[in-house]
1. Restricting the count to DSSP beta bridges whose residues both fall in the chain, what percent are antiparallel, rounded to a multiple of 5?
2. Of 249, 259, 223, whose Cα points farthest to the positive end of the dipole of the range 205-290 (charges on the beta-carbon: +1 Lys, Arg; -1 Asp, Glu; origin at the Cα centre)?
3. Taking the Cα centre of the range 1-141 as origin and charging only Cβ (+1 Lys, Arg; -1 Asp, Glu), how large is the dipole, in debye to the nearest 20?
4. Specify which residue in the list 269, 310, 91 is farthest towards the positive end of the charge dipole of the chain, using unit charges on the beta carbon of Lys, Arg (+1) and Asp, Glu (-1), about the Cα centre.
5. If I histogram all Cα-Cα distances within the range 1-84 using bins 10 Å wide from 0, what percent of pairs lands in each bin?
6. Against the 2.2 N^0.38 Å scaling, with N counting residues, where does the chain land? I'd like the Cα-based Rg ratio to two decimal places.
7. Between the alpha-carbon centers of the range 148-174 and the range 196-217, tell me the distance in whole angstrom.
8. Residue 272 to residue 363: extension gain in nm, 0.36 nm per residue of separation minus the Cα-Cα distance?
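The values are calculated or read from the model by the stated rules, or taken from the named source; none is laboratory data. Just so it is clear, the model here is predicted, and its values are computed rather than measured. All Cβ positions, even for glycine, are placed from backbone atoms using ideal geometry, and neighbour counts span all protein chains on display. Each accessible area value is taken on the protein alone, full model and side chains, heavy atoms only, with ligands, DNA and RNA left out. Shrake-Rupley method; radii C 1.70, N 1.55, O 1.52, S 1.80 Å.
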Amino acid sequence: MHVYLDYAATTPLDERVLKEMLPYMTEKFGNASSLHSYGRAAISVVDRARDRIASYLNCSASEIYFTSGGTESDNWALRGVVNASSLPVKHVVTTNIEHSAILSVCKELEKEGCEITYVSVNDDGVVDPSDIAAAIRDNTVLVAVMFANNEIGTIQPIKKIGTLCRDKGIPFYTDAVQAVGSIRIDVHAMNIDMLGFSAHKIYGPKGVGVLYVKNGIRCGRLIFGGEQEHGKRAGTTNTPGIVGTAEAMRLVVEEMDANNARIESVRNHFIDRVEKEIPQCRLAGSRINRLVGNADFIFDGIKGETLLTVLDMSGIAVGSGPACSSGSQKPSHVILAIGGNEEDARSSVRFSFGKNTTLEEVDYVIEILKNKIKKLRESSSLFKVVSEKGYQI
Ligand code: PLP
């Protein structure tokens, strides 16, 4: 049996999305910037896609920009706002659990003289809005807080943060890559000024994303060249990708309640069984403020990457905290941020569930997981540490 439990890394393209996209790769292949009928056919579906996405987020179509994915949206939001400011020294407020697409841009901006405050989250993996408020200075040009975390799935108090930023007149960006598929987002009601997401996390195509920028927010260009995307983002329009993004978003929004209920019950069943049947493990991050499809566990005495490899050999695909997005061997900055030690930060494994996950698959995974963890603990160099803590296999 092959079981895919890494939906937070990417999702399969929904067949219905593929069907919508295909004509725009074959007979309707026109360049959306061309003035002839082929181009006009392309630009009209791109405009329709923009309208649809705007209606799902409750903003205007002129506020939607298509990008190459979540990473570009994050880069553009940060650099665009920082570069558009005329302040001599600019300050950005963010958190210490952001995705590397935010954190590495912050590191680059720091080298260029920008000041960054990394607000800490609590042990549940949730940021306190009053800590964000306290970090804001006279020269703050942007607050960037992710909607939901990609490793531990914790959901941030976005509306509260949006409201406090609006009151202070500071633009607020949220990386909603992990949230869009399972949380209803209303940028108007939540006071969100800028938001980024990616199609491949919502059963859409890879290599396409969205940046919403509220009209009136000053955000410069990231990519220079032609005048596509309201003259703000150059590059030949990815018509099939954009059509696919809009259709993927329509489906996740329309089917969200039913899918969330199913995914949550399968995920809860998994958490219950792991906690009952596998000793010395704990769920990382809040139980309540958590994406329905996420269960991130720390298994004492086990390296996350080793468990990932062993499970893979049994046909089970999961994500290992630090490696799930970057392929790096580094300990997870998210587990460290919620108070875990270095060992914990190397021991987390992310199980992420999607609309195709069945109870039967989950039960199969539990049986394999129990067996592999027992065996790994028996042979692990970390086992000594575990036994010293009193754990008996
Ligand atoms: N932000 C978050 C929270 C993510 O989880 C990811 C992908 O894992 C990204 C950004 C990057 O998105 P993309 O893969 O579309 O570049």
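1. Bridges in the chain that DSSP calls antiparallel: roughly 55 percent.
2. Toward the positive end, the furthest listed residue is 223.
3. On the way: 12 positive and 20 negative charges, 149 e Å.
Result for the range 1-141 is approximately 720 debye, rounded to the nearest 20.
4. Of the listed residues, the answer is 91.
5. Each 10 Å bin holds this share of Cα pairs: 13, 30, 37, 16, 3, 0.
6. Working: Rg = 21.7 Å, N = 393, 2.2 N^0.38 = 21.3 Å.
Rg over 2.2 N^0.38 Å, computed on Cα atoms: 1.02.
7. Spelled out, the Cα-based centre of one part sits 17 Å from the other.
8. Working: separation 91, 0.36 × 91 = 32.76 nm, distance 1.13 nm.
The span from residue 272 to residue 363 would gain 31.6 nm if fully extended.
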